[in-house]
Amino acid sequence: MSAYRGVDYLDLDSLLSEEEILVRNNIYQFVRQEVIPVIEKHYEEGKFPLHLVPKMAELGIFGITLPEKYGCANMNNVVYGLVMQELERGDSGIRSFTSVQSSLVMYPIYTFGSEKQKEYWLPKLAKGEVIGCFGLTEPDFGSNPAGMLTKAEKTDNGFILNGSKMWITNGSIADIAIIWAKLEGNIRGFIVEKERKGFTAVEMKGKHSLRASVTSELILDNVEIPEENLLPQSMGLKSALMCLNQARYSIAWGVTGAMIECYLSALDYSKSRIQFDKPIAAYQMTQEKLVYMLTEITKSQLLNLQIGRLKDQNKVKHTHISMAKRNNCEKALEIAQIAREILGANGILNEYPVMRHAANLHSVKTYEGTHEMHTLIIGEDITGFQAFT
Amino acid sequence: MKIAVCLNHVPDTASKISVGQDNQSIDTSGVTFVVNPYDEFAVEEALKTKEKVGGDTVVISLGNDNNKESIKKALAMGVDNAVLLKTNEIYDSLSVAKILANEIKTQNAEIVFFGKQSVDYDNGAVGQMCAELLGYNSVSVVVGLEINGNKVRAEREIEGGREIVETELPVVITTQKGLNEPRYASLKGIMAAKKKIIDEKIPENCSNYTETISMKKPPAKQPGRIIGTDATAVPELIRLLKEEVKVI
C-alpha cells in the first residue's frame with residue numbers, strides 16, 4: 001500500500017487526531033484498490049458496483065457515528081466526513097450510496113424509530129445485508145417537499161400508502177425505503193419493505209451524471225404496512241429535514257474529495273504535458289488555475305472541519321451545513337471544469353477522472369437542496385426575511 | 001500458541017529518495033513512511049493463522065516513535081499486542097535479527113512471520129537470521145501456507161516455479177506477495193486498537209557487524225537513441241546490441 005496522497009497546504013492534518021488520520025488513510029487505500037480500478041467501467045455501463053457493499057460494510061462505514069450496540073463504529077462526525085471525502089475521490093455514486101444508507105436510512109431509524117425497529121434494522125444495515133433508500137422528493141415537489149401528495153391512511157392494523165417518489169438514490173437496489181407521507185396532514189416517516197404488495201421501484205435511465213449510482217422512481221399503490229412500520233418519533237417535515245441535514249453534511253465533505261482528485265489530476269498532468277518546449281505548469285495561466293483550485297480546496301477543508309467539530313459539540317446549525325454544502329458543491333464543479341481545461345482534450349477521456357467528476361457534480365450541486373435553496377436558507381437566517389416564496 | 005509478526009516502518013515506495021548530507025544515510029525530510037509492503041502479508045497471515053489455530057498475536061517492531069504509526073495499523077487490522085523496541089540507532093541485518101530474536105524468545109512465540117524483505121535496505125536476510133539464532137525452522141518467500149498441529153506445509157516461490165516444503169513448529173515464515181490479500185483495518189478495529197497498549201522496551205545495545213561507508217544514487221539514465229522507425233533499422237539494431245551493449 002502506498003502512502004496517503006491528499007491536499008494539505010496549511011498543515012490541516014495537525015488539526016486531526018491520529019485516529020481520524022488512520023481512518024481516512026484506510027479509506028483512501030480502499031478507494032485506490034477497490035473503487036478506482038472498476039469505476040470507469042461501471043460508470044460507462046451505468047451500473048452501481050454492488051459487489052463493493054460487503055467490503056464497505058466490513059470496513060464499518062455504514063452508520064459510522066451510531067452506537068456500537070447496533071453494530072456501528074460510534075465514531076465522531078469528522079471521521080464520518082473524512083470517510084465521505086475519500087469515498088467521493090473514487091466517485092460521487094459511491095459516496096451517495098453511503099450517504100443514503102447512513103444519513104437517510106440508518107439515521108432516521110436511529111433518531112425516530114422504536115427500540116425494536118433499531119434493534120432489528122440497524123445491525124442489518126450496518127452489515128450491508130439490507131440496503132435502504134429515502135423517499136421524500138416527488139415528481140412535482142423537489143425544493144418544496146411540504147407540498148407532497150403521498151398519503152398514509154390509518155387502517156385497523158396499520159396504514160395504506162399511496163403516491164409516488166422520484167429521484168430516489170438506491171431505489172431499485174434497496175430492500176427497504178424510508179417513505180415520507182402525510183398522515184392526516186402531518187408528514188411522518190414509514191419503513192416500507194420492497195416485498196410489500198403495491199410497492200414498485202423503477203430505475204431511471206438516460207442519466208449523463210451519477211451513472212455509477214442507481215436512481216429510481218418509487219410507486220406506492222395501496223401499499224399496506226403494519227402499525228409497527230411507522231417511525232414513532234417522526235413528526236412533520238422537520239424530521240425529514242433533519243435527515244437531509246446529515247446527508248448535506250456528508251456531501252460537503254464528499255465534494256471536497258472530488259475537488260482533491262480533480263486538482264491532483266490537473267497538477268500532475270500540467271507538470272508532464274509539454275507545449276512549446278516546456279511543461280504547461282510553467283505557464284502563468286496554468287499556475288493561476290492551479291492556485292485558485294488549491295485555495296478553494298483549502299477553504300472547503302476548513303469549512304468542513306469547523307462544521308464537523310461544531311457538530312460533535314452539538315453546536316452546529318442547519319444554516320452552517322447549508323453554507324458548506326452550497327459553497328463546496330459550487331467550487332467543486334468549478335474546479336472539475338478548470339481541471340478539464342488544464343487537461344485539454346485529454347480531459348474528456350476516461351483515462352482521467354475529471355470529466356466523470358464534473359458530470360457527477362452537476363447532480364450533487366442540485367440534490368439535497370439546490371444551490372439556490374441553500375442561498376435562501378442562509379439569506380433568511382441573516383436577514384430574517386424568508387424569500388423562498 | 002503465540003504468533004509473532006515483525007514489522008518494519010519504511011519509506012513509501014513512491015517517495016523520491018535522496019542521500020543525506022553525511023553521504024551515509026538517506027535524507028528523510030519530506031519522505032512519508034508506511035508499513036513495509038511485504039510485512040502487510042505477514043500481518044494478514046498472522047491474523048489468519050490465529051483465526052485457524054487460535055492463540056495470541058503480537059507485533060514486534062524495532063525503531064523509534066515513528067514506528068508506532070505502522071504498529072497501530074497492525075493493531076487496527078486485529079493484532080492483539082504490540083512491542084516497540086525503541087531505539088534511534090540504525091542497525092544492520094544481523095544486529096536487527098539478534099534484537100528481534102531476543103524479543104521473540106521473551107514472547108515465547110512459536111510461529112513468527114516476517115515480510116520476505118524490507119523495501120528500505122532490501123537485504124532480505126533478517127527473517128532467516130532470526131530463525132538461525134532461535135534454532136527455529138525457516139521457510140522463506142512463502143506464497144502458500146498450511147499449519148496443522150505441529151506440521152507446516154509451505155509453498156515457496158522459486159525461479160520459474162513453485163517449491164513445496166514441509167517442516168515443523170517452531171517456524172519462521174517470510175511472506176511474499178500472493179500469499180494473501182491483506183485486510184483493511186475496519187473502523188471497529190481502529191477503535192479497538194485505541195485501547196491496546198504498545199509495550200515500549202529499550203533493546204540491549206548491539207554493535208553492527210557492517211559499516212555503511214557511503215551511499216550514492218544510481219547514475220542518471222542515458223538518453224535513448226532512435227536508429228530508425230522501420231525494418232531497415234534492424235541490421236543496425238543487431239549490430240549495436242552485439243557490439244555496443246553486448247547483450248546478444
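Scanning region B:21-49 for residues that are charged (D, E, K, R) and outside any strand (DSSP E or B) gives B:Asp22, B:Asp39, B:Glu40, B:Glu44, B:Glu45, B:Lys48.
Of the residues A:Gly347, A:Gly369, A:Gly379, only one is among the small types (Gly, Ala, Ser), more than 15 Å from A:Tyr263 (Cα to Cα), open to solvent by less than 40 Å² (accessible area, probe 1.4 Å) and without any contact (Cβ under 8 Å) to a residue 40 or more places away in the chain; which? Steps first, answer last, please.
On the way: A:Gly347 fails: more than 15 Å from A:Tyr263 (Cα to Cα); A:Gly369 fails: without any contact (Cβ under 8 Å) to a residue 40 or more places away in the chain.
The conditions single out A:Gly379.
None of A:Lys55, A:Lys47, A:Lys69 is charged (D, E, K, R), open to solvent by 20 Å² or more (accessible area, probe 1.4 Å) and assigned to a loop (DSSP other than H, G, I, E, B) except A:Lys47.
Looking across region B:68-100, the residues that are part of a loop (DSSP other than H, G, I, E, B) and in contact with a Leu (Cβ under 8 Å, 6 or more places away or on another chain) come down to B:Gly78, B:Val79, B:Thr87, B:Tyr91. Just one of (1) under 21 Å from B:Asp199 (Cα atoms); (2) within 14 Å of chain A (Cβ to nearest Cβ) fails for B:Gly30. It is (1).
Please enumerate the residues belonging to region A:323-344 that are of a type in the set (S, T, N, Q) and surrounded by 24 or more Cβ atoms within 10 Å (Cβ to Cβ). First the steps, then the outcome.
Keep residues of region A:323-344 that are of a type in the set (S, T, N, Q), which gives A:327-328, A:337.
Within region A:323-344, just A:Asn328 meets the criteria.
Which condition number in (1) out of contact with any helix residue (DSSP H, G or I) (no Cβ under 7 Å at 6 or more places or on another chain); (2) among the charged types (D, E, K, R); (3) open to solvent by 40 Å² or more (accessible area, probe 1.4 Å); (4) more than 30 Å from A:Ala57 (Cβ to Cβ) is the one that B:Lys105 fails? Single failed check for B:Lys105: (1). The residues in region A:270-305 that are within 15 Å of A:Gln85 (Cα to Cα) and open to solvent by 70 Å² or more (accessible area, probe 1.4 Å) can be counted, and the count is 2.
Could you list, in sequence order, all residues of region A:1-55 that are among the hydrophobic types (A, V, I, L, M, F, W, C), within 14 Å of chain B (Cβ to nearest Cβ) and touching a residue at least 24 places away in the same chain (Cβ under 8 Å)? Passing the criteria: A:Met1, A:Leu16, A:Val23, A:Ile27, A:Phe30, A:Val31, A:Val35, A:Leu52.
Every residue, every condition in (1) in a strand (DSSP E or B); (2) among the hydrophobic types (A, V, I, L, M, F, W, C), yes or no:
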| position | (1), (2) |
| --- | --- |
| A:Ala212 | no, yes |
| A:Glu224 | yes, no |
| A:Glu228 | no, no |
| A:Gln233 | no, no |
| A:Met259 | no, yes |
| A:Leu264 | no, yes |
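Determine, yes or no, whether B:Lys52 is within 14 Å of chain A (Cβ to nearest Cβ), surrounded by fewer than 20 Cβ atoms within 10 Å (Cβ to Cβ) and assigned to a helix (DSSP H, G or I). Here the answer is no, as B:Lys52 does not meet what is asked. Per the listing A:Ser239, A:Ser216, the residue uniquely in a strand (DSSP E or B), hydroxyl-bearing (Ser, Thr, Tyr) and open to solvent by less than 20 Å² (accessible area, probe 1.4 Å) is A:Ser216. Every test in (1) under 21 Å from A:Asn25 (Cα atoms); (2) free of Cβ contacts under 8 Å to residues at least 60 places away in the same chain; (3) not hydrophobic (A, V, I, L, M, F, W, C) is passed by A:Pro279 save one, and that test is (1). Each residue in region A:1-27 was checked for being outside any loop (DSSP other than H, G, I, E, B) and either touching a Lys or Arg at 6+ places or on another chain (Cβ under 7 Å) or within 19 Å of B:Glu44 (Cα to Cα) (or both), and 6 pass.
Within region B:120-131, the residues that satisfy the criterion of being open to solvent by 50 Å² or more (accessible area, probe 1.4 Å) and touching a residue at least 12 places away in the same chain (Cβ under 8 Å) are B:Asp120, B:Tyr121, B:Asn123, B:Gln128, B:Met129. Scanning region A:9-29 for residues that are over 15 Å from A:Val79 (Cα atoms) and at pLDDT 95 or above, which turns out most open to solvent (accessible area, probe 1.4 Å)? Filtering first and then ranking leaves A:Tyr9.
Residues checked against (1) within 14 Å of another protein chain (Cβ to nearest Cβ); (2) at pLDDT 95 or above; (3) under 30 Å from A:Ala57 (Cβ atoms):
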position	(1), (2), (3)
B:Glu132	no, yes, no
B:Asn150	no, no, no
B:Arg162	no, no, no
B:Lys194	yes, no, yes
B:Asp199	no, yes, no
B:Asn208	no, no, no
B:Pro219	no, no, no
B:Asp230	no, no, no
B:Ile238	no, no, no
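Starting from residues that are of a type in the set (A, V, I, L, M) and closer than 13 Å to B:Val112 by Cα, keep the ones in region B:55-65 and report whichever is surrounded by the most Cβ atoms within 10 Å (Cβ to Cβ). If you could, list the steps in order and put the result at the bottom.
Just the residues of region B:55-65 that are of a type in the set (A, V, I, L, M), to begin with: B:58-60, B:62.
Then keep just the ones that are closer than 13 Å to B:Val112 by Cα; that gives B:58-60.
Values: B:Val58: 23, B:Val59: 29, B:Ile60: 26.
Applying the filter and picking the extreme gives B:Val59.
When region B:119-137 is filtered for residues that are farther than 19 Å from B:Val58 by Cβ and not in a helix (DSSP H, G or I), the ones remaining, listed by number, are B:Val119, B:Asp120, B:Tyr121, B:Asp122, B:Asn123, B:Gly124, B:Ala125, B:Gly135, B:Asn137. Being polar (S, T, N, Q), more than 22 Å from the chain's Cα centre (by Cα) and modelled with pLDDT of 90 or more is not true of B:Ser186. Would it be correct to say that A:Glu228 is in contact (Cβ under 8 Å) with a residue 12 or more places away in the chain, of a type in the set (D, E, K, R) and farther than 30 Å from A:Pro353 by Cβ? In short, yes. Counting only helices (runs of 4 or more DSSP H) wholly contained in region A:85-182, the ones carrying 1 or more residues that are hydrophobic (A, V, I, L, M, F, W, C) and over 23 Å from A:Leu50 (Cβ atoms) occupy A:107-112.
The values are calculated or read from the model by the stated rules, or taken from the named source; none is laboratory data. Keep in mind it's a predicted model, so treat the numbers as computed, not measured. Positions of Cβ are backbone-derived with ideal geometry, glycine not excepted, and every protein chain shown enters the neighbour counts. Heads up: the accessible areas ignore ligands, DNA and RNA and are worked out on the full protein's heavy atoms, side chains in. Shrake-Rupley method; radii C 1.70, N 1.55, O 1.52, S 1.80 Å.
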